[in-house]
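A.B. asks: Mind having a look at this structure? Questions to follow.
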Amino acid sequence: MRISCLQPNLARGLNIVSRAVASRTATLPILTHVLLATDNGRLKIAATNLELAISCWIGAKVEDEGAITVPARTFTDLVALLPADKLDLELNIRTHTLRVQSGRTDANIKGMDAQEFPIIPAFREDNVAAYVEPAVLRKMVSQVVFAAATDESRPTLTGVLTKLEGDKITMAATDGFRLSVRSDQLKEPVREPRTILIPAKALVEVGRVMGEQEEPVAISVTPSHGQVLFHMKDVDVVAQLIDQKFPDYEPIIPKRHDTRTIISTAEVLKACRQASIFARDSLDTVRILIKPGEELEPGKVTVVARADETGDNQSELEAVIVGNELEIGFNVKYLIEAFSAVDTPQAAIETTQPRSPAVIRAVGDDHFLHLVMPMHLPKS
């Protein structure tokens, strides 16, 4: 293998695949490497930890075809320090050594045979399950994945349930204390409905590497139904699907509400962030008091946090409230993440009883809802 490429392009490609590199304690040393391979006049860079694989293609001048794997950390750190200019890569097949030349730098990196690198599924048009616009996918990822569990002892809840049916895509995630659901339109109707459970961490990476993608993202499922592949212009992300049954979440979404509160998203988010300073010493609990207006007086939402050692904080916000007066407690961290996901100027809070879940919606956007379970409030 003998190729030339630009340092900024190579550094960007290595950054894209870096999150799929296994830790240095991996049982298979090859998983701590990145694959470099010529591919139809371009340089392919790939990494995998067997659960997640990311491949990236960059422009290159290819003089000789070939492939090699090199230690990811060593190669990435070296490339990052090279000048933003042309660099040359040349492989010694006999010793599996990659020579890197750029300016006055001449380095040799010991690698491993590319044949030892795990096979990563390649994109195939006939396996495409759906096409989704990048703006739609970005929004879905940002409004859903944060609600997934991070505790690996509950693998089902670390996934995002993804349904493809007709011309609609729906994603849902829950950690048992909250639930985020987002639905939107596909670019075109799917040939057959599918329901898959994608690791939330994989979707985070999809959102990260999407960059300035403008063309629709192709979502495909491997013939074995064990992996999902997101195909973009110069990047593929492959993830192992979670082979478990996701909880039936629809029955827990309240079908009615006794009180509906319309409030400024920015204001309630600011109030929650202020309250979190004091709430962190009291299990992150905040008290929300919802009081409808009387005659010409507007409704009021009061966000209260109190800690015996550090003090207390109270923010009073105006709101349009229809329904009953209510006092309810929440984990303030959950509220901050929920309101951060609302991308409209106003948010709606739908409540019933102090011990029943609340539903947060984006006013003017019927495709998103977030459900959060209440917390027990100690007596004032």
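We did not get these values from a lab; they are worked out from the coordinates using the rules stated. Predicted model only: the values in this text are computed from it and were never measured. Positions of Cβ are backbone-derived with ideal geometry, glycine not excepted, and every protein chain shown enters the neighbour counts.
A.B. asks: Out of the GluC sites (Glu not before Pro) in segment 72-181, which ones are loop residues according to DSSP with at most 10 other C-beta atoms within 10 Å? Please report the intermediate quantities before stating the final value.
C.D. replies: Values: sites: GLU90, GLU116, GLU125, GLU152, GLU165; in loops: GLU152.
Qualifying residues, ordered by number: GLU152.
A.B. asks: Test of the criteria: in segment 54-126, which trypsin sites (Lys or Arg not before Pro) are in a DSSP loop and have at most 12 other Cβ atoms within 10 angstrom of their Cβ?
C.D. replies: ARG94, ARG104
A.B. asks: Could you run the Debye sum over the Cα atoms of segment 2-116, one equal point scatterer each and no solvent, and tell me log10 of I(q)/I(0) at q = 0.10, 0.16, 0.17, 0.20 Å⁻¹, two decimals?
C.D. replies: The computed values of log10 I(q)/I(0) come out as -0.25, -0.66, -0.75, -1.07.
A.B. asks: Let me ask you something else. Within the set of other residues whose C-beta is less than 11 Å from the C-beta of LEU229, count the net charge using Lys and Arg as +1 and Asp and Glu as -1. Working shown, then result.
C.D. replies: On the way: positive: ARG124; negative: ASP236.
So the environment of LEU229 carries a net charge of 0.
A.B. asks: Let me know the Rg and Dmax you get for the chain when you use only its Cα atoms, in Å.
C.D. replies: 25.1, 87
A.B. asks: With only Lys, Arg, Asp and Glu charged, each at its Cβ (+1 for the first two, -1 for the last two), find how big the charge dipole of segment 1-144 is about the Cα centre; round to the nearest 20 debye. Could the numbers behind the result be given before it?
C.D. replies: Details: 16 positive and 15 negative charges, 86 e Å.
With Lys and Arg at +1 and Asp and Glu at -1, about 420 debye.
A.B. asks: Ordered by residue, what ³J(HN,Hα) values in Hz, to whole numbers, does segment 162-178 give under the Karplus form 6.51 cos²θ - 1.76 cosθ + 1.60, where θ = phi - 60° and Gly and Pro are x?
C.D. replies: 10, 10, 10, 8, x, 9, 10, 10, 10, 10, 9, 9, 8, 10, x, 10, 8
A.B. asks: Then there is this: Can you give me the distance in nm between label points at SER153 and ASP126, each placed 7 Å from the Cα along the Cα-to-Cβ direction?
C.D. replies: That separation, rounded to one decimal, is 4.6 nm.
A.B. asks: Can you give the FRET efficiency to the nearest 0.05 for ASP39 and THR105, using r as the Cβ-Cβ distance and R₀ = 30 Å?
C.D. replies: 0.70
A.B. asks: In whole angstrom, note down how far apart the Cα centers of segment 245-320 and segment 182-234 are.
C.D. replies: 35
A.B. asks: Can you pull out the GluC sites (Glu not before Pro) in segment 208-280 whose DSSP state is coil and whose Cβ has at most 13 other Cβ atoms within 10 Å?
C.D. replies: When the GluC sites (Glu not before Pro) of segment 208-280 are filtered for loop state and at most 13 Cβ neighbours within 10 Å, GLU212, GLU214 remain.
A.B. asks: About the Cα centre of the chain, what is the dipole size in debye to 20, counting +1 per Lys and Arg Cβ and -1 per Asp and Glu Cβ, all else neutral?
C.D. replies: Numbers: 42 positive and 51 negative charges, 135 e Å.
Roughly 640 debye, rounded to the nearest 20.
A.B. asks: How do THR69, THR97 line up, fewest other C-beta atoms within 10 Å first?
C.D. replies: THR97, THR69
A.B. asks: If you don't mind, another one. In cubic angstrom, how much convex hull volume per residue do the alpha carbon atoms of segment 125-240 span?
C.D. replies: 93
A.B. asks: Right, another one. Measure up LYS139/LYS245; LYS255/LYS300; LYS300/LYS333; LYS86/LYS110; LYS187/LYS333; LYS139/LYS270 against 29 Å on the Cα-Cα distance and list the ones that go over. Display every interim value, and only then the final one.
C.D. replies: Details: LYS139/LYS245 25 Å; LYS255/LYS300 25 Å; LYS300/LYS333 22 Å; LYS86/LYS110 21 Å; LYS187/LYS333 35 Å; LYS139/LYS270 22 Å.
From LYS139/LYS245; LYS255/LYS300; LYS300/LYS333; LYS86/LYS110; LYS187/LYS333; LYS139/LYS270, over 29 Å: LYS187/LYS333.
A.B. asks: Using +1 at the C-beta of Lys and Arg and -1 at the C-beta of Asp and Glu, which of GLY103, GLY166, HIS370 has the Cα lying farthest in the positive direction of the dipole of the chain?
C.D. replies: Toward the positive end, the furthest listed residue is GLY103.
A.B. asks: Rounded to the nearest 20 debye, what is the charge dipole size of segment 297-380 about its Cα centre when +1 sits on each Lys and Arg Cβ and -1 on each Asp and Glu Cβ?
C.D. replies: 260
A.B. asks: Using the charge dipole of the chain (Lys, Arg: +1 at Cβ; Asp, Glu: -1 at Cβ; taken about the Cα centre), state which of PRO189, MET112, SER315 has its Cα farthest towards the positive end.
C.D. replies: Towards the positive end, the residue furthest out is MET112.
A.B. asks: To the nearest 0.05, what FRET efficiency results for GLU116 and ALA307 with a Förster distance of 56 Å applied to their C-beta separation? All intermediate terms of the calculation are to be shown ahead of the outcome.
C.D. replies: Details: r = 55 Å, r/R0 = 0.99.
Step by step, r from the Cβ atoms, then E = 0.50.
A.B. asks: Hey, another quick one. Percent of alpha carbon pairs in segment 99-183 separated by more than 18 Å? Before the final figure, lay out the partial values.
C.D. replies: Working: 2322 of 3570 pairs.
In whole percent, the long-distance tail amounts to 65.
A.B. asks: Starting from the exponent 0.38 and prefactor 2.2 Å, build the expected Rg for segment 254-372 from its residue count and divide its actual Cα Rg by it. Display every interim value, and only then the final one.
C.D. replies: Details: Rg = 13.5 Å, N = 119, 2.2 N^0.38 = 13.5 Å.
In units of the globular-protein estimate, segment 254-372 measures up at 1.00.
A.B. asks: Aspartates and glutamates within cross-link reach of LYS201: Cα-Cα under 19 Å, excluding same-chain residues under 8 positions apart?
C.D. replies: Partners found: GLU51, ASP151, GLU152, ASP175, ASP236, ASP243, GLU337.
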